[in-house]
1. As an exercise, take the mean of 1/r over every pair of distinct alpha carbons in the range 61-171, invert it, and state the Kirkwood radius in angstroms.
2. Using the Kirkwood formula over every pair of different C-alpha atoms, what hydrodynamic radius in Å results for the range 108-232?
3. Can you work out the PRE-style zone for A135? Point 7 Å along Cα to Cβ, and I want the residues of the range 222-241 with backbone N under 14 Å.
4. Starting from the 7 Å offset along Cα-to-Cβ, what nm value, one decimal, do you get for the label separation of R67 and E196?
5. Note down, for the range 78-119, the three equivalent ellipsoid semi-axes (square root of 5 times each alpha carbon gyration tensor eigenvalue), biggest first, whole angstrom.
6. Using only the Cα atoms of the range 95-149, build the gyration tensor, take square roots of its eigenvalues as a ≥ b ≥ c, and label the shape rounded, prolate or oblate: rounded if a/c is under 1.5, else prolate if a/b is larger than b/c, else oblate.
7. Per DSSP H run of at least 4 residues, take -39500 (n - 2.57); add these up for the chain, divide by its residues and hand me the 222 nm value, nearest 500 deg cm²/dmol.
8. Using R₀ = 41 Å, calculate the FRET efficiency as 1/(1 + (r/R₀)^6) where r is the Cβ-Cβ separation of A45 and R21; round to 0.05.
Amino acid sequence: MDATAPVFRDKPVSFVRRSGRMSEAQDRAWAELSPFYLLPVERAAAATSVKAGTAIDPAQVYGRAARLVVEIGSGQGHQIVSAAAAHPDTDFLAVEVFTAGLARTMLDADREGVRNLRLVEANAPEALEHLLPAASVDELWVFFPDPWHKNKHTKRRLVAPDFARIAAGAMRPGGTLRLATDWQDYADQMRDVLDEAPAFERAFAGEWAERFEGRVLTAFERKGLRVGRDIRDLTYTRVSP
């Protein structure tokens, strides 16, 4: 850890880490599979931070030059493992802070024989800003982020003006940003933020984008549908500087 770094972050993060026990299989996955799947990260102040100036070389990490798709908040990994298995010519990176979810992702990826996937345990904005080289991401996915629906907690929402700036820096011109949520208030905020971001332009007509056909039906989406919420998709293109 960098001894000169501040002890605490100066901005709220979009998650609260809670300790949780992993199953025996997840513990085994962490021990046996993380050397291949999990990227080593130099930390700054916090356990999920990424030290500035420590960007990876994706071609070196994956052993080739290919399109790179990054999913923020990959959870149990259902979406990204499915996508990586279906698109072996594309490289995928899952960004998540919960170890149990990362372990489950590694288990499923190994079971499916997926080798074009890597994981990183990190705060997403720091991963985008410090771990990934500028203009290296072809697609960025933000599916069902924590809505922080209480008014006193909305400052923790991931998709805010500073996130749009950081995401734009990591994405190549012409790259695609895909988002989805089942909280209308958050959907409105996402759309307002990205409509106002000079680095992005809408890639959809009308009020909302069509459902991304490459998105699997996860527990988050099922829950939203079950309680009668509308699922809102948004798609934006990273414009040239």
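1. 14.5 Å is the Kirkwood radius here.
2. 16.0
3. Residues 238-241 fall inside that zone.
4. Reported label-point gap for R67 and E196 is 3.2 nm.
5. Taking √(5λ) for each Cα gyration eigenvalue gives 16, 11, 7 Å.
6. Cα axes put the range 95-149 in the oblate bin.
7. After summing the helix terms and dividing by the residues of the chain, the value is -9000 deg cm²/dmol.
8. It comes to 0.95.
Taken together, the values in this text are just the output of simple stated rules run on the coordinates, not laboratory data. All values derive from a computational prediction rather than experimental measurement. Cβ coordinates were reconstructed from backbone atoms using ideal geometry, including for glycine residues, and neighbour counts include every protein chain displayed.
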